1. So A:Gly279 clears everything in (1) at negative phi; (2) within 10 Å of chain B (Cβ to nearest Cβ) except one condition, right? Which one?
2. B:Asn42 is checked against (1) buried (at least 23 other Cβ atoms within 10 Å of the Cβ); (2) in contact with a Leu (Cβ under 8 Å, 6 or more places away or on another chain); (3) not charged (D, E, K, R) and fails just one. What number does that condition carry?
3. Among the numbered criteria (1) farther than 20 Å from B:Val119 by Cβ; (2) under 23 Å from the mean Cα position of the chain (by Cα); (3) in a helix (DSSP H, G or I), which one does B:Asp43 miss?
4. Determine whether the range A:313-332 contains at least one residue that is more than 8 Å from chain B (Cβ to nearest Cβ), surrounded by fewer than 22 Cβ atoms within 10 Å (Cβ to Cβ) and in contact with a Leu (Cβ under 6 Å, 6 or more places away or on another chain).
5. Of all residues in the range B:71-103, how many are touching a residue at least 40 places away in the same chain (Cβ under 8 Å), away from every other protein chain (no Cβ under 14 Å) and in contact with a Lys or Arg (Cβ under 9 Å, 6 or more places away or on another chain)?
6. Just to check your reading of the model, which residue among A:Ile34, A:Ile82 is touching a residue at least 40 places away in the same chain (Cβ under 8 Å), in a strand (DSSP E or B) and within 14 Å of chain B (Cβ to nearest Cβ)?
7. Which fully enclosed strands (runs of 3 or more DSSP E) of the range B:219-281 have 1 or more residues being more than 24 Å from B:Val162 (Cα to Cα)?
8. Is it the case that some residue within the range A:342-356 is in a helix (DSSP H, G or I), in contact with a helix residue (DSSP H, G or I) (Cβ under 8 Å, 6 or more places away or on another chain), small (Gly, Ala, Ser) and more than 14 Å from chain B (Cβ to nearest Cβ)?
Amino acid sequence: MDDVLSSEVVVIGGGVIGAAAAYFLCKEGAEVIIVEAEDLSAGASGACDGFLSLQTKQVGSHLDLALESMALLPSIVEDLGIDPEYNRCGGLMLASNQDQLKDLRARAKKVKTAGLEVEILGAHELKEMLPGVNKEIKGAAYCAAEAQINPITFTLGLAQKAQEMGARILKGCKVENIVVTNNRVREVHTTMGSIHSRRVICAAGTGSNEIGKMIIVDIPVMPQKGQILVTEAREPMLDKIVSGAEYLGTKANLEEFLPKDEEAIRLGLGFTAEQTASGNILIGSTREFAGFDRETTPEAMNAIAKNAIFYLPWVRDLDVIRSFAGLRPYSPDGLPIMCPVKGVKGFYMATGHSGDGICLAAVTGRLMSELVLDGETSIDISPFSLYRFK
Amino acid sequence: MDVMDLPREKLEVLVIGAGPAGLCAAIEAASAGCEVTVADENDRPGGQLSKQIHRFFGSSHHGAGKRGFEIGRELAENCLKAGVELRLSSSVLGLFPSGEAMIDSPSRLYLANPGAVIVATGASEKSIAFPGWTLPGVMGAGAAQTLINIHRVLPGKRVLMVGSGNVGLIVAYQLLQAGAEVAGIVDVADSVGGYQVHAGRVMREGIPLYLRHRLLSARGSMGVEEILVEALESGKVKRFKADVLCLAVGLSPLAELASMRGCRMIENSRLGGFVPWHDRDMRTSQTDMYIAGDASGVEEASVAMEEGRMAGISAAEDLGSLGAKEAAIRREAVMNRLRELRAGTCTAAKLEAKGGCMQINSDARDELLREVWKKSANGPLALIDCREDIPCNPCEEACRRGAIVLDSGICSLPSFDLDKCDGCARCVALCPGMAIFIIDRSMGEGFARVTVPYEMSDEIGPDEEAWAMDGEGNCLGKGRITRVAGAGRPGHTMLLTIEVPEEWALKVRGVSGRRKLVEEPEEMEDTEIVEDFTFCRCEEINYSSMREIIARGEFYSLPALRRFSRIGLGYCQGRFCQSILRDQFLADGPGEGREVESFRVRAPVRPVKLSRLGGENG
């Protein structure tokens, strides 16, 4: 590509956030180029499970955002050219002891005031909803609004739809520099040439720090590794997304739910399981800080397997065919970073979604489109400002 | 409950794979004083050797003239003598960048921390996709060989072989030995891919070769019933009746563990695909990681043995068990043997892509035949039908009278001194190519006796009538068996002497108890339109969809193609389809002129029960 391109908006990153932003921008008739260093969902969006969980969100602006995102999903799914395997299956969070069940009950009350219905099930009711659960499990918090989706096809569907509406996607195209003159973004230099644009969204996930350096802004996003085991494809065996209460501790940073074991805390071990539309059961997961290392480790594989057998003993007989690890774009408080960048007009951040990118993609896409095209958003995004961090 | 509790163990040298390369690596490292552990997923050592029932080429250093399984057994015995620990039925499921190996043993799954790892995991059979390739009865030639030679089960009654390389030729022959009928060997090339001596063996048994023929499809309701093949020149389609279709279409180095460990991988189509970059001494780009055998590039078993030795020496040197000087001496010896093995144009052709092999010049050949004809009137005399410079010398070692000499190393053609030959036939029994015969015209009266090696299971006794076959598989006619030697001795090649009319003396290459008439394929006038078929059997994705996905050019890389299409994401994790997918991606995808990365390898490289990963026993 030798000719100089220009575009109304450039989106850096072809993950679920970038694809969603492009989708909403195109809906509004904007001209968009997505610049993707590798291929669509090559990062966190392609190396995660399909949980659309709500119980794990922090009560307040975070949960509000998630609820809004979930409300947007059905119509988006309807609109896509491919089926992203969206399934409003409901989610169960299991309590392995009475204390946890008590804490879950307290939390259920709290999230209810924020508009999320969560039902507490005793051991007996749980058994009916989740046959085969370990007898020692005391109960669970059930949230009917939780769902699952295939993050890879969801991302592809959003990107394809955006493309249909005129977006261009440059794959294998790396951003080398961003030219800012008179406090306004002007140009994005890439390995495929230069793109003139006065509006740029950084949706580069764990790559956001590098992009930030190009405009001399510190983006406090760091990679947080999550490991997952994949089983053989089987007939339907698990019709809910299921997690252990410790997952609330490791994911939502709720101290009362943190695992007791030091090793488990170091690994950020929290049990999750879902059966995908293709029949594989994805069993997770960990939250580790290991730089950009994307390898799975024998320790984590062992810990995840043991943990899973504890909650759902029947999984022991399944064949594990693969493991994978993804790097979440972790922000220091777990909340996304969505805002205009001060001092660089036309530059916007949409990153740091931590483990919630798939769940928050829809609303993020819409908000970014509003922000970029109208300069204001339908929801107050000040809690997600980059400048909340010191 | 502990969060993690897999047992851990420190090892000095871990060799992965107990085939020729792995066992030799182990012997070499152990003899230098290292503590060596060999892990292999099979329940017996020897790797591919354990199912090779034919005599091997090479020199005596590589067990030439012995049968493959015997070589494997000897290597395993030598390992034990050298103090090597063999852990069988032990799959290495992962080799992590931390250096740890995850091993699934019969009792439980554990982690090993080796000081050095030698990857000698061999190769896997390539496949090709065609309508009907998922039918029961379609199998790799290696798989068929495992069935007949390890499990002693015939895969079917009538087999069509695709691929005329050494694997295709040898397995076709062994299928005959096991009692199957072989309908033919099909190859798109215009000449036989394997050694001529192997081709000679199958041809004299009457197996037809269909060169410049292309496999179209296999059809049948519950399994393979018929196979359609197209003659490239005429475009005519032939229909073979067969219940087994064997594919011998090449091998891919199996080096996924090295890739997972972080070894730099390079692509070399002449070596069979992706291999870890390695130096002459078999060191990879990763410290304390070595590679040997087919996993480093597909070659012969004898080369694998030498590469294994080289890797063992390097590991021992790097661990401090072997001084630099001693290591250099041992390496030099290995290097010389490797050089010798690779000197022949037949093997060199693979590496240097020189094209065809060196062949004996036809004038010299005619001259030799005239001499044999003349001198055989006085008594028995060998006729050596070895025409290629393959690395092999048992004939020279067999001859007590020094009549057979390999002038310049084991890759040279045998030069034969007729005057020294007394027709003892030792060379006939030992030639791995079964390419030496004894001609005797001394009985006169218009008769000649020809002694041929015989390894078929049909019993032929003295004084019985039998059919004499020529080298092309034509039946010359009936003769009378005058002598049977070596019968009833397991592992020995029988020698049959048949008395035939004198004019066949130089033509007889085989003897057959019953006249084998291989049913010829039926020619079909009109070819039916080939329907679509399953390409990815795990995820049930059709061939046309695969082609279309690639042709759309949407995906930038093979991993992305896999992620979105799900091809290769199923139970087999791409073991069946990756190489085909890759070729297609290179041909039609956006990858033109670009290095195409392979699928990312992650543990477990073989499916494993979740309970095992969780550390449960049993």
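1. So A:Gly279 meets the others, but not (1).
2. (1)
3. All conditions are met except number (3).
4. no
5. The qualifying residues number 3.
6. Among A:Ile34, A:Ile82, only A:Ile34 is touching a residue at least 40 places away in the same chain (Cβ under 8 Å), in a strand (DSSP E or B) and within 14 Å of chain B (Cβ to nearest Cβ).
7. B:265-268, B:273-276
8. Taking every residue of the range A:342-356 in turn, at least one turns out to be in a helix (DSSP H, G or I), in contact with a helix residue (DSSP H, G or I) (Cβ under 8 Å, 6 or more places away or on another chain), small (Gly, Ala, Ser) and more than 14 Å from chain B (Cβ to nearest Cβ).
The values are calculated or read from the model by the stated rules, or taken from the named source; none is laboratory data. Computed from a predicted structure; not experimentally measured. Quick reminder, even Gly has a Cβ in these numbers, built from the backbone with ideal geometry, and neighbours come from all protein chains shown.
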